[in-house]
Amino acid sequence: MGPTEIPCQSPETIKIPTAHCVHPKLMLIRRVLTDWEKVQYQVSVWNCCLIWSQLHPGNCFGLRRRRNGFGMKTTFMKVGACLIVFSVVVIFICQDTALDSIARFAATMSSATGSEEETCLSRNQSILYRKFSPHKSSSYLIAKLRSYEELHKRCGPHTNSYKRTIKQMKSGQIDHNSTDCKYVVWVGLAGLGNRMLSITSAFLYALLTNRVLLINQEHDMVGLFCEPFPNTSWILPEDIPFRSEVRRFKQKYGHSYGKMLKSNTINYSTKLLPPYLYLHLSNDYDHHDKLFFCDQDQALLSKVPWLIMKSNVYFLPSLFLMSSFDQELNKLFPDKETVFHHLGRYLFHPSDRVWGLITKYYQDYFAKAEKRIGIQIRIFHAETSPFGSVMDQILACIQKEKLLPEVGTGKSIASPSKNQTSKVVVVTSLFRGYSDKLKKMYGEHPTKTGEVVAVYQPSYVGRQRSYWNSHNMQAWAEIYLLSLSDELVTSAWSTFGYVAHGLRGMRPLILYKIDRTIPDPPCSRGVSMEPCYHAPPIFDCKAKTTVDTATFVPHVRHCEDIRWGIKLFNTS
């Protein structure tokens with residue numbers, strides 16, 4: 001039997017805006033590529049072709065699919081044209097969204113052994129689902145990340161440098177001036193959203209201080225993410241001397257930096273420093289713990305090889321208040337509103353298991369929709385946020401913002417047809433009542449515009465189970481699904497929502513927190529897409545007085561959804 005031909009898919013199928021396929025800008029490469037990078041991009045092109053052919057079997061520029069591969073229908077020139085077009089598009093994508101690491105991962109695929117963590121389908125296939133990012137990363141940030149990858153490869157787990165540091169730690173004889181590798185170990189708390197935000201904060205701190213980030217992976221985090229750095233691991237090994245004590249690290253722990261400062265066990269003139277210190281950076285930290293954010297304390301901490309950091313907050317904005325990091329941060333992030341967007345897309349790639357959930361949900365819910373709307377609902381206090389009030393707030397928001405059409409109360413005003421807009425709403429909530437209400441409303445009544453509206457909810461578990469691995473996998477899949485939306489409505493205070501709209505790269509509509517009465521307006525567009533730091537320090541390290549840290553620099557201000565929190569804004 002001969003090969004089957006199917007028309008080539010359009011650029012929109014792989015989420016590349018049509019304008020970018022013909023724009024003259026595509027013919028310009030904005031920096032000189034090394035020979036190795038050219039190889040990377042070519043491998044990326046072939047991977048994109050293969051993925052495209054698997055998801056959308058067909059004929060592209062004369063290529064026919066055969067049982068044992070691709071055969072030529074036309075001349076070599078057509079194949080060359082296909083490669084050139086794909087190459088230009090991929091280079092354009094990699095230039096503008098380089099932190100998605102598409103090209104870099106493609107080049108490392110040859111070393112994969114076939115395990116789930118090493119295949120990481122999402123890293124290559126995300127381009128087929130994820131919206132094109134309009135936010136360009138700075139060339140300085142890209143160079144910094146490449147430099148960090150080399151550092152992690154040289155100092156990561158089980159390298160000679162790592163073994164030498166561990167040996168020194170066990171012996172207690174550490175030369176703080178000659179240690180060539182230093183580390184920051186992240187220990188997580190709370191839900192998945194909190195963890196992803198605090199990991200991002202820890203990673204930026206590692207970038208700024210030339211440390212290697214290692215993750216203390218408990219059972220509830222296993223199998224969520226692919227390894228973010230090529231040819232190495234970010235998982236804290238079991239052989240670390242303090243591994244068994246990590247769970248017991250608290251403010252009163254013997255190696256706690258805040259406690260040691262408070263008891264004067266350590267001070268700024270101390271010469272003999274311990275091999276590791278514990279940093280308590282959770283929402284319940286005290287004044288001495290928060291001195292971590294002072295430049296004088298950073299000078300001291302820079303001499304300690306190992307810093308163990310327990311956090312459940314997005315403390316990243318406070319790094320922008322420190323004069324010692326100011327110049328570097330300005331070069332890394334000239335656009336202050338995109339810090340989490342770039343770092344989050346760089347760090348967090350769903351594992352193959354989670355990616356399977358995401359792609360299934362996408363095909364079930366989003367694939368045929370012309371417009372995709374995500375609504376994320378988080379209820380913190382049921383007593384002050386009764387179901388009826390929250391539902392009224394959601395309906396008032398979507399009507400005010402014209403996200404969904406109004407419904408009629410009688411007969412159909414406009415009969416649906418195949419040519420009319422199809423809108424899909426995906427609701428994420430611990431409870432199913434909100435989606436049921438919307439589903440009933442649009443299922444039983446025709447819309448005034450004749451549009452078809454479908455409502456779905458992937459799961460409803462009743463209560464948060466942050467320490468269940470299966471729960472976190474489901475949560476990660478739903479966060480990612482929300483980030484694929486065209487429009488996003490999120491709940492105030494919710495770190496789950498912060499991660500979703502940050503990965504998406506858009507300012508969401510925020511459902512303000514209800515306190516017995518529905519806010520007026522019920523929702524509004526965020527002024528910044530950055531997450532909010534819920535528990536910022538309120539201390540001026542130089543003046544040694546209490547102060548509103550949202551007044552320090554123009555790009556750090558109070559959050560839209562929580563008045564005492566701070567976040568990053570663009571000054572213009």
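Quick note: the coordinates plus some simple rules give every number you see, no bench work behind them. Bear in mind that the values here come from a model prediction, so they are computed numbers and not experimental data. Here the Cβ is made from the backbone with ideal geometry for all residues, glycine too, and neighbour counts use every protein chain on show.
Summary of values
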item	result
Length released on extending from E150 to D284, taking residue separation times 0.36 nm less the Cα-Cα span	44.7 nm
Net lengthening on full extension, D352/R563 (0.36 nm per residue, minus Cα-Cα)	72.1 nm
Modelled label reach - D436, point 7 Å along Cα→Cβ, region 453-491 residues with backbone N closer than 13 Å	460-462
Overall Cα dimensions of region 485-572, principal axis frame, Å, largest first	45, 32, 23
Karplus 3J(HN,Hα) series, Hz, for region 246-262 with 6.51 cos²θ - 1.76 cosθ + 1.60 (x for Gly, Pro)	4, 5, 8, 5, 9, 4, 8, 5, x, 8, 5, 4, x, 5, 5, 5, 4
Backbone N under 19 Å from the T159 label point (7 Å along Cα→Cβ), restricted to region 199-214	203-214
P(r) of region 257-297 over all Cα-Cα pairs, binned every 10 Å from zero, in whole percent	28, 61, 11, 0
Pairs of alpha carbons in region 456-524 whose separation is greater than 14 Å (percent)	64 percent
Alpha-carbon centroids, region 245-262 and region 487-537: separation in whole Å	33 Å
Euclidean distance between Cα centres, region 276-320 to region 430-457, Å	47 Å
Cα convex hull of region 165-263, projected area averaged across orientations, nm²	7.9 nm²
Per-pair calculated FRET efficiency, R0 = 30 Å: Y467 and A382 via Cβ, rounded to 0.05	0.90
Added length on full extension, which subtracts the Cα-Cα distance from 0.36 nm per residue, T545 to A299	86.5 nm
